[in-house]
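Visitor: Let me give you the structure first, and then I'll get to my questions.
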Amino acid sequence: NRILGCGCFLFILTSAFYTRDMAFTDPQANLAILQLEPGMHVADFGCGTGAYALLAADLVGPHGVVYTVDVQKELLEALKAEAVRRGIKNVEVVWGDIERTHGTKLADGLVDAVIFSNVLFQTSAKYQAVSEARRILKPGGKVLVIDWSDSFGGLGPHPDHVSKEEDVEAVFVEAGFSKRKRFDAGDHHFGFLFIK
C-alpha cells in the first residue's frame, strides 16, 4: 500500500490508490487476523497511503494509537491530512526508517501489533526491519505480514523483487518470532501472523 514515484501527484492520487489496494487485497479481512481491540497500540511499518492504518485506528478506538512509520514525508503528510479529514485523532505519523535499529523512534515494548503490508519486497534489510518490529513489540505481541506472492500483468513488484514465503518465514523465525498462521491475503498476496 505504498506509492512509488513522484510525490507531486500524491494528493490527487491518494483516493485512487486506496481503491487499487483494495482491489488486490481486503485490508479489513486481513486486519481481522490481528484481532485488534480498543486501547491497543499498533505500528504500521511502511504505511504508505494508510489503507491499513486508518482501519486499524477505528478498531483500536480513541484510547488506542496507530503509529504510521514511513521514510517518505509526502506520504505521511497526505496520510495525516486524510486522518484529519475523516476526524481520526489517534493516528500519529512517524518519519522513520524501519531498516535501522531504533529507526522507528518508538520505545521498546510499546506496541501490541505491527503491520507489514506490501513493504518487505521493497526492504533490502529485512532482518533489521523484523528485529526493529520485535524491539517495539510487547511480549506476546503480534505481527501481520501481507506481501506480493507474484508479479502479474505489469502490476506489482518486478518478479526479481517478490519475496518468497519461505524466506519471509525464515527471517521472522531467525529474529525470534513464532509463526501462528499462514493465510491467503488476496489473489496475488500471501499473509502471515507471527507472535513475539
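The values are calculated or read from the model by the stated rules, or taken from the named source; none is laboratory data. It should be emphasised that the depicted structure is a prediction, and the values quoted were computed from it without experimental measurement. Quick reminder, even Gly has a Cβ in these numbers, built from the backbone with ideal geometry, and neighbours come from all protein chains shown. Protein only, heavy atoms only, side chains kept; ligands, DNA and RNA dropped before computing areas. Shrake-Rupley method; radii C 1.70, N 1.55, O 1.52, S 1.80 Å.
Visitor: Please give the length that would be gained between GLU174 and VAL71 if that part of the chain were fully extended, namely 0.36 nm times their separation in residues minus their C-alpha to C-alpha distance (nm, one decimal). Walk me through the numbers on the way to the answer.
Guide: On the way: separation 103, 0.36 × 103 = 37.08 nm, distance 2.51 nm.
34.6 nm is the gain from fully extending GLU174 to VAL71.
Visitor: Right, something else. Could you run the Karplus curve 6.51 cos²θ - 1.76 cosθ + 1.60 with θ = phi - 60° over segment 89-96 and give me ³J(HN,Hα) per residue in whole Hz, x for Gly and Pro?
Guide: Result, ordered by residue: 10, 10, 10, 10, 7, 10, 7, x Hz.
Visitor: On a 1.4 Å probe surface of the protein chains, which of LEU75, LEU110 comes out largest in accessible area, and what is the full order?
Guide: LEU110, LEU75
Visitor: Determine the distance separating the Cα centre of segment 124-143 from the Cα centre of segment 179-194; give it in Å without decimals.
Guide: 17
Visitor: Considering only the other residues whose Cβ falls under 11 Å of the Cβ of ARG182, what net charge follows from Lys and Arg at +1 and Asp and Glu at -1?
Guide: -1
Visitor: Pairs of Cα atoms under 8 Å, at least six residues apart: use those to get the relative contact order of segment 80-196, whole percent.
Guide: On the way: 197 pairs, mean separation 27.8, N = 117.
That works out to 24 percent.
Visitor: If you don't mind, another one. Working out 0.36 nm times the residue gap between ALA32 and PHE183, then minus their Cα-Cα distance, what length gain in nm do you get to one decimal?
Guide: Details: separation 151, 0.36 × 151 = 54.36 nm, distance 1.19 nm.
Here the answer is 53.2 nm.
Visitor: Something else: Give me the extension gain from LEU110 to HIS63: residue separation times 0.36 nm, minus the current Cα-Cα distance, reported in nm with one decimal.
Guide: Roughly 15.5 nm would be gained on extension.
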